[in-house]
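Encoded as structure tokens, the structure appears first; notes follow it.
The values are calculated or read from the model by the stated rules, or taken from the named source; none is laboratory data. Keep in mind the model is a prediction, meaning the values are calculated, not measured. Using ideal geometry, Cβ is built from the backbone for each residue, glycine included, and neighbour counts are taken over all protein chains shown.
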Amino acid sequence: MPLSPALRGLECVQCAARFPVGDHPRGCPACDAAGRNANLFCVYDDTTPPADRQPYLDTPALGEGNTPLLRLPWLPGVSVKNEAANPTGSHKDRFAATVVAHAAASGYERVAISSSGNAGLALAAYAAAAGLRCTVAGYTRLPEPVRAWLADLGAELRLFDTDAERVRLVRELAARPDTLAVSNTAEPFVGCHPVGIEGYKRIAWEIAGQAAEEVRHVVVPTSRGDLAWGVYRGFADLSGVPMPRLHLVEPFPRLAAVLGGAPVGGHFPGDSGRLSSIGGHTTTVQAHRAVTLSGGSAVVVSSDAAGEWYARLCGRGHVWEPSSVTVFAAYERLRAEGVIGEGEHTVLVATSHFFKGL
């Protein structure tokens, strides 16, 4: 799995410092040294065609990607990008395929991640496909079926009560020369490995190819902003395709607080309820940039509001997890507030199905 010759290096989303391609579990070294926190992203030769703007053109493939763009006749003007159709049931497969390719090409024997479920399952599956070991640092509340499936995939599962304990383990593993830590070890988090985030760009490329009309808005569930930043970067690659406004959905004000003037590195207390896939008490520079550079917004959807939409969608046969259906509640609010106008084609990204119990 050779590194793409078009890849020129990594750039900081905050200070624009450039670095050679490498592994930086605390994010941008320059920002880290200055007491800030920000992630890096991949930079390519300007002449590189969009389809080749990936760090690895050959990745361990289990059938990820090319997920359907669904039109719902009962919700005019809306399409749903159904990422639950990926092999392990979530968008995380795109990240896992790309970052595991990087781990294998770089000579690592193990990958490690701090995960609430979806990312751990995806990484375990793709690590197994590439012949790598995988360690997942999870919460003690992780559902029993997920624990069993991780074991079936050969992953080592370590369970902890707190986020700090999970991060401590990943930090220890990141110090080992045989292990690639694909989730971040900074405090606060900056996002996951930038090479893996490149896998999410394909969502934007697929939407642009599948949509029969111009997409004006994209609504995405968010925690650290990996998915949103990847989608933003994907649309930015496409010359001649207008950048849609990205609306990031969270269970309580984090990014919304930052857009209101709070520091991006702050801690924001709140209860995510059943929305564990988008939980966490911090936000990131990359999430902020995805919103501001696209002219989008942050939308707060509570666990209760998501639960109402979850019931409505189940009643129509849809099997998306509660964190995924936040995009429907967010769309309803954005329409009511006039942020999304009549007839403006909107894509809702449904990230995972509910069969894992997350």
*Count - residues of region 121-157 that are closer than 18 Å to LYS356 by Cα and either surrounded by fewer than 18 Cβ atoms within 10 Å (Cβ to Cβ) or hydrophobic (A, V, I, L, M, F, W, C) (or both)*: 24
*Selected residue [surrounded by fewer than 24 Cβ atoms within 10 Å (Cβ to Cβ) and under 20 Å from SER183 (Cβ atoms)] from ARG274, ARG289*: ARG289
*Which one is surrounded by the fewest Cβ atoms within 10 Å (Cβ to Cβ) among residues in region 33-51 that are more than 22 Å from the chain's Cα centre (by Cα) and closer than 18 Å to VAL264 by Cβ?*
GLY35
*Failed item, numbered, when THR282 is tested on (1) touching a Phe, Trp or Tyr at 6+ places or on another chain (Cβ under 7 Å); (2) not in a loop (DSSP other than H, G, I, E, B)*: (2)
_Residues to consider are ALA306, ALA290, ALA228, ALA298; find the one that is touching a Pro at 6+ places or on another chain (Cβ under 6 Å), in contact (Cβ under 8 Å) with a residue 24 or more places away in the chain and either aliphatic (A, V, I, L, M) or part of a helix (DSSP H, G or I) (or both)._
ALA306
*asked:* Tell me the residue from GLY265, GLY273, GLY261 that is assigned to a loop (DSSP other than H, G, I, E, B) and within 21 Å of CYS12 (Cα to Cα), please.
replied: GLY265
*Pick from region 238-248 the residues that are surrounded by fewer than 19 Cβ atoms within 10 Å (Cβ to Cβ) and at pLDDT 95 or above: which of them is farthest from the chain's Cα centre (by Cα)?*
PRO242
*Are there any pairs with C-beta distances below 7 angstrom linking a residue in region 64-75 that is within 29 Å of ALA129 (Cα to Cα) to a residue that is among the small types (Gly, Ala, Ser) and at pLDDT 95 or above, with the two at least 6 apart or on different chains, and if so which?*
GLU64/ALA97; THR67/ALA85; PRO68/ALA85; LEU69/SER79; LEU69/ALA211
*Just give me the residues in region 76-88 being crowded, with 18+ Cβ neighbours inside 10 Å and free of Cβ contacts under 8 Å to residues at least 60 places away in the same chain, in sequence order.*
ALA85, ASN86, PRO87, THR88
*Restricting attention to region 286-296, does a residue exist that is out of contact with any Leu (no Cβ under 9 Å at 6 or more places or on another chain) and at pLDDT 95 or above?*
yes
*Go through ALA112, ALA85, ALA119 for me and flag whichever is more than 13 Å from the chain's Cα centre (by Cα), aliphatic (A, V, I, L, M) and in the same structural domain as ARG147 (by TED's automatic domain parsing).*
ALA112
*Pick from ASP46, ASP23: which is acidic (Asp, Glu) and at pLDDT below 95?*
ASP46
*Considering only region 345-358, state which residues are touching a helix residue (DSSP H, G or I) at 6+ places or on another chain (Cβ under 9 Å), surrounded by 14 or more Cβ atoms within 10 Å (Cβ to Cβ) and in contact (Cβ under 8 Å) with a residue 60 or more places away in the chain.*
THR346, VAL347, LEU348, VAL349, ALA350, THR351, SER352, HIS353, LYS356, LEU358
*Taking only region 110-120 into account, find how many residues are buried (at least 24 other Cβ atoms within 10 Å of the Cβ) and touching a Lys or Arg at 6+ places or on another chain (Cβ under 7 Å).*
4
*Tell me, yes or no, whether region 310-318 has at least one residue that is part of a loop (DSSP other than H, G, I, E, B), surrounded by 21 or more Cβ atoms within 10 Å (Cβ to Cβ) and among the basic types (Lys, Arg).*
no
*Of everything in region 158-170 that's free of Cβ contacts under 8 Å to residues at least 40 places away in the same chain and surrounded by 14 or more Cβ atoms within 10 Å (Cβ to Cβ), which residue is farthest from GLY117 (Cα to Cα)?*
ARG168
